[in-house]
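Participant: Attaching a single structure in structure tokens format; questions to follow.
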Amino acid sequence: MTQNWTTTNIPDQHGRLAVVTGANTGLGYETAKALAEHGASVILAVRDTEKGNQAAARMTGDVTVQALDLTSLDSIHAAAAALRNRTDRIDLLINNAGVMYTPKQTTHDGFEMQFGTNHLGHFALTGLLLDLMLPLPGSRVVTVSSTGHRIRAAIHFDDLQWERSYSRIAAYGQSKLANLMFTYELQRRLAPHGTTIALAAHPGISATELARNVPAPLRLPITWLAPLITQTPAMGALPTLRAATDPAALGGQYYGPGGRNQVIGHPRPVTSSPESYEADVQQRLWAISEDLTGVTFTGTGPS
């Protein structure tokens with residue numbers, strides 16, 4: 001196994017098209033930048049297209065921008081239609097965008113913001129684009145999770161939208177656990193095709209804008225500790241990049257930093273929480289996600 005994997009290990013990506021959500025800043029920016037530098041045509045799928053264009057201007061290579069608001073099913077459908085008009089193939093779909101620890105609020109469609117954005121938005125986008133990937137050997141769906149999937153995390157089927165009570169930390173944990181369960185169930189459904197694989201990644205603890213909604217009592221301690229326990233967005237993006245490009249990567253693998261407690265370090269395959277591997281919960285979440293979004297996955301049957 002490659003030790004200290006870095007962007008220098010990324011194989012030539014010429015001829016491949018990658019869609020990266022949330023790519024105007026942070027981990028998504030670093031992921032898109034590295035893919036473009038290695039020859040991929042990259043589409044930055046972002047809510048704020050002005051910021052997306054500014055990000056694209058700082059990158060080298062074939063980089064374009066697509067409007068996408070993951071908090072709106074209408075926007076997701078519009079983005080998928082626009083992408084289908086632009087291309088007949090997608091080699092890499094990087095489900096990177098996300099929100100963390102938001103105050104209680106809902107998406108345009110009434111979903112709890114973290115669950116709706118982090119999980120349901122990417123679930124719908126993947127389902128609408130998957131048929132552009134299935135004919136392509138080596139195509140990959142990579143979804144970014146978090147170590148937060150272990151913190152007070154469960155799929156609260158009795159109150160998925162946190163209508164009875166709300167914990168921003170537990171809601172984030174649910175959304176990130178859902179990212180993993182989606183990946184594992186998607187991989188089971190993709191396996192018979194033998195072309196597209198699904199993988200997950202997490203950045204450890206990286207210094208990005210994602211932490212802007214950290215509850216006030218935690219901000220000062222985190223500010224003090226940040227230099228000791230965080231890594232740069234460029235390092236945090238490496239697990240995603242390895243999942244997306246390493247020829248040895250396998251469907252269903254989860255990549256994260258290789259240091260102690262998966263906090264910092266070079267990427268390697270890691271394990272997720274025992275709960276994340278519960279197939280019956282994965283399948284129940286999948287069925288509910290289809291019902292909530294109205295999106296079914298063409299060409300993939302029950303696992």
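Participant: If one computes P(r) from the Cα atoms of the chain, what percent of pairs lie at distances over 34 Å?
Facilitator: Above the 34 Å cut-off, the chain has 12 percent of its Cα pairs.
Participant: I need the Debye-formula profile for segment 68-151: one equal scatterer per C-alpha, no solvent, reported as log10 I(q)/I(0) at q = 0.12, 0.19 1/Å, two decimals.
Facilitator: Log10 I(q)/I(0), no solvent term: -0.38, -0.85.
Participant: In whole angstrom, note down how far apart the Cα centers of segment 1-61 and segment 112-132 are.
Facilitator: First find each Cα centre; the distance between them is then 20 Å.
Participant: FRET efficiency for ASN9 and GLU163, Cβ-Cβ distance as r, R0 = 51 Å, nearest 0.05?
Facilitator: Rounded to the nearest 0.05, the efficiency is 0.65.
Participant: Follow-up question, since we're still on this one. Counting only helical runs of four or more DSSP H residues, what would the 222 nm mean residue ellipticity of the chain come to if each run contributes -39,500 (n - 2.57) and the total is spread over all its residues?
Facilitator: -11000 deg cm²/dmol
Participant: Based on Cα positions only, what radius of gyration and what Dmax would you give for segment 108-163, in angstroms?
Facilitator: For segment 108-163, the Cα radius of gyration and maximum Cα-Cα distance read 14.2, 43 Å.
Participant: So, one more: Just to compare against my own numbers: the Cα pair-distance distribution for segment 1-144, 10 Å bins, whole % per bin, please.
Facilitator: 12, 42, 34, 11, 1
Participant: Would you kindly state how much longer the chain becomes between ARG152 and ALA67 on full extension, computed as 0.36 nm times their sequence separation minus their alpha carbon distance, in nm to one decimal?
Facilitator: 27.3 nm
Participant: If N is the number of residues in segment 82-212, what value comes out of its Cα radius of gyration divided by 2.2 N^0.38 Å?
Facilitator: Ratio of Rg to 2.2 N^0.38 Å for segment 82-212: 1.10.
Participant: Rank by packing, highest mean first: peptides 258-264, 9-15, with packing defined as the count of other Cβ atoms within 10 Å averaged across residues.
Facilitator: Per-residue Cβ counts within 10 Å, averaged per peptide and sorted highest first, yield 258-264, 9-15.
Readers should treat all values here as calculations from the given coordinates under stated rules, not as data from a laboratory. Predicted model, so just to flag it, every value in this text is computed and none were measured. When we count neighbours, we look across all protein chains shown, and the Cβ atoms used for this are built from the backbone with ideal geometry, even at glycine.
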